[in-house]
């Protein structure tokens, strides 16, 4: 039976050819041409068979459930055919594996460490950060420029785009170059300007301390856009800090405070006449590998701390230290946004703030929107393939 060797939309480069394969009682042992050895358990290979009986070739999604395969299933025979690993199973099923795919998913210690090392890592920055600036027209027309912008967003968490039209609503066109816009109670596109009936401090002339938007939600928005239409008012400069850089510095300088902010949850609240959002979560969230993955912070949306009597002093000490670090000049990037420019940044990493401005000195009108981080990462992968 002819079977597919890769059940994916992506292609996998041939890093090293298959040199030999040895059949063992519960696994196969593959020897690669570059000298690496990779064991593959029978269950794993059968679970990942890419043939049309196991994977629907239209969606490239798995049909097979491993529970429907005998737990003690073993291979009847193995061989290498035209560079692919071929397995004949007891019971009559056949599997064929592309060597590029197989190497990309090998789970020997060396291969797993190699993938971890190759994974994109945040590029931490401070006040000396050289802000990546991209041209609007190029982003709208050139897929490669678009990819470079998205990679900069993924890795540094803060970018600027220049040459953006200043007509209201223009922001939606560039946001949709990434994906669909995430709507919130503030709308699809929200207008950041001073107004008397404000339902957020953002819609006043006050200074705003460093914060992430919508920390009151189970999932904070990933990307935030702020597009300047008019900026004639005195003041109102934008301030940014890399929350990941502060978290790493805190872990080095005060490990106990870092631990407290990772473990003790804080409640954030956002309420107006028509909505009431609340979320209990740590200020610093770690991913499955223990790396900093998210910062959740907005002092003006924070409820009273609720911690044990023993933990309360620890929480206040850690919280005060984190806020104090966001005010240190070593971390702060201060820039004024001009008409036709926009910020795009990782809202779950880059904290942003604004100096107070004088609405009597001139008009100030920004528009903003959100896109989830998952959409950024998906778009990158599609552009790369």
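The values are calculated or read from the model by the stated rules, or taken from the named source; none is laboratory data. None of these values were measured; they are calculated from a predicted model. Cβ coordinates were reconstructed from backbone atoms using ideal geometry, including for glycine residues, and neighbour counts include every protein chain displayed.
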- line: If you go through 351, 383, 376, the only one that is more than 25 Å from residue 215 (Cβ to Cβ), modelled with pLDDT of 95 or more and touching a helix residue (DSSP H, G or I) at 6+ places or on another chain (Cβ under 7 Å) is 383
field: Members of the range 163-179 found to be in contact with a strand residue (DSSP E or B) (Cβ under 6 Å, 6 or more places away or on another chain) and not in a helix (DSSP H, G or I), listed by number
entry: 163, 164, 166, 178, 179
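What residue, of 329, 346, is modelled with pLDDT of 95 or more and surrounded by 14 or more Cβ atoms within 10 Å (Cβ to Cβ)?
On the way: 329 fails: surrounded by 14 or more Cβ atoms within 10 Å (Cβ to Cβ).
Criteria check complete, one pass: 346.
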message: For the list (1) outside the structural domain of residue 222 (by TED's automatic domain parsing); (2) in contact with a helix residue (DSSP H, G or I) (Cβ under 8 Å, 6 or more places away or on another chain), I need the number of the one condition that residue 177 fails.
response: (1)
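Name the residue, out of 98, 117, that is under 24 Å from residue 383 (Cβ atoms) and out of contact with any strand residue (DSSP E or B) (no Cβ under 7 Å at 6 or more places or on another chain).
On the way: 98 fails: out of contact with any strand residue (DSSP E or B) (no Cβ under 7 Å at 6 or more places or on another chain).
Sole residue among the options that is under 24 Å from residue 383 (Cβ atoms) and out of contact with any strand residue (DSSP E or B) (no Cβ under 7 Å at 6 or more places or on another chain): 117.
Suppose the filter is in a helix (DSSP H, G or I), over 25 Å from residue 155 (Cα atoms) and either in contact (Cβ under 8 Å) with a residue 24 or more places away in the chain or touching a strand residue (DSSP E or B) at 6+ places or on another chain (Cβ under 7 Å) (or both); does residue 319 pass it?
On the way: in a helix (DSSP H, G or I): yes; over 25 Å from residue 155 (Cα atoms): yes; either in contact (Cβ under 8 Å) with a residue 24 or more places away in the chain or touching a strand residue (DSSP E or B) at 6+ places or on another chain (Cβ under 7 Å) (or both): yes.
Answer is yes for this residue.
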- prompt: Out of the range 193-214, which residues are modelled with pLDDT of 90 or more and in contact with a helix residue (DSSP H, G or I) (Cβ under 6 Å, 6 or more places away or on another chain)?
  reply: 209, 210
